[in-house]
Amino acid sequence: HLENVAAGDTVTFTVAGGSHTATQSTLENPCDHAPGGFDSEQMTSGQTFQITVNDTNPIWVYCETTGHCRSGMVFAVNPGTQLAQFQAAATGDTAPSTSSAGSTSSAGSTSQAPSGSASSTAGGSSSHSSASASASSTPNAGRMTVGDVSASVMGLAAALFGGLLAL
C-alpha cells in the first residue's frame, strides 16, 4: 500500500508479467468494481495505467482477473488503519478492523502472482524502480509490488499484489 499520497500525485501501475488489471473498488466490496471507479482493463507485461489522486481519502484497488482478488491481489492508496480489513474482506479471511498505518503487506499468498510496477509522480518528477521491500520516511515516497504489478509514489518501495507495483 502507499501512504501519504497527496492530492495531485499520479500513481502509475506497471505490469511485469501475466495479465492483470488495476480496478477501483470499495472497502466494503474489495473484489467488485466501484460504481464510477477507474478500470485499466486487462494489461500485459510492460503496459502501464495511471491515475491522478484527487484527495487524501483511501483509494481501494484490486486485480479483476479471475481469481486474483480472492487470492489477495489488492492494493490501497492512503488506507490509514483499514488496510487489514480490506485485505481480509478480499480473501474472505477474518481480520481485525484496523491495521498499522505504517505497515506494508502483500495481502495473503497468491498462486497467481502478477509481475509489474507502478509509480507515482509528484511535482512533475517520476520514479521507476524494481520491486523491493524497503521504505522511506520521505512523504509521498513509495513503491509497492504485488505479484507481477507494481506501483509507486516518489521513491518508497514495498510489496504490492502479485505482480502489480504501485509507486
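Details
- Qualifying positions in region 49-77 - closer than 11 Å to Leu27 by Cα and among the small types (Gly, Ala, Ser): Ala76
- In region 1-60, of all residues being without any contact (Cβ under 8 Å) to a residue 40 or more places away in the chain and touching a helix residue (DSSP H, G or I) at 6+ places or on another chain (Cβ under 7 Å), the one that is nearest to Thr81 (Cα to Cα) corresponds to Pro58.
- Residues of region 23-39 that are closer than 16 Å to Thr66 by Cβ and either aliphatic (A, V, I, L, M) or not in a loop (DSSP other than H, G, I, E, B) (or both): Thr23, Ser25, Asp39.
- Here region 5-45 is the region considered, the condition is being modelled with pLDDT of 95 or more and at positive phi, and the residue that is nearest to the chain's Cα centre (by Cα) is Glu41.
- Complete set of residues in region 67-102 that are open to solvent by 60 Å² or more (accessible area, probe 1.4 Å) and modelled with pLDDT under 95: Gly92, Asp93, Thr94, Pro96, Ser97, Thr98, Ser100, Gly102
- Meets criteria (assigned to a loop (DSSP other than H, G, I, E, B), closer than 26 Å to Asp93 by Cβ and of a type in the set (Ser, Thr, Tyr)) for Thr65: yes
The values are calculated or read from the model by the stated rules, or taken from the named source; none is laboratory data. Predicted model only: the values in this text are computed from it and were never measured. All Cβ positions, even for glycine, are placed from backbone atoms using ideal geometry, and neighbour counts span all protein chains on display. All accessible areas refer to the heavy atoms of the entire protein, side chains included, with ligands and DNA or RNA removed. Shrake-Rupley method; radii C 1.70, N 1.55, O 1.52, S 1.80 Å.
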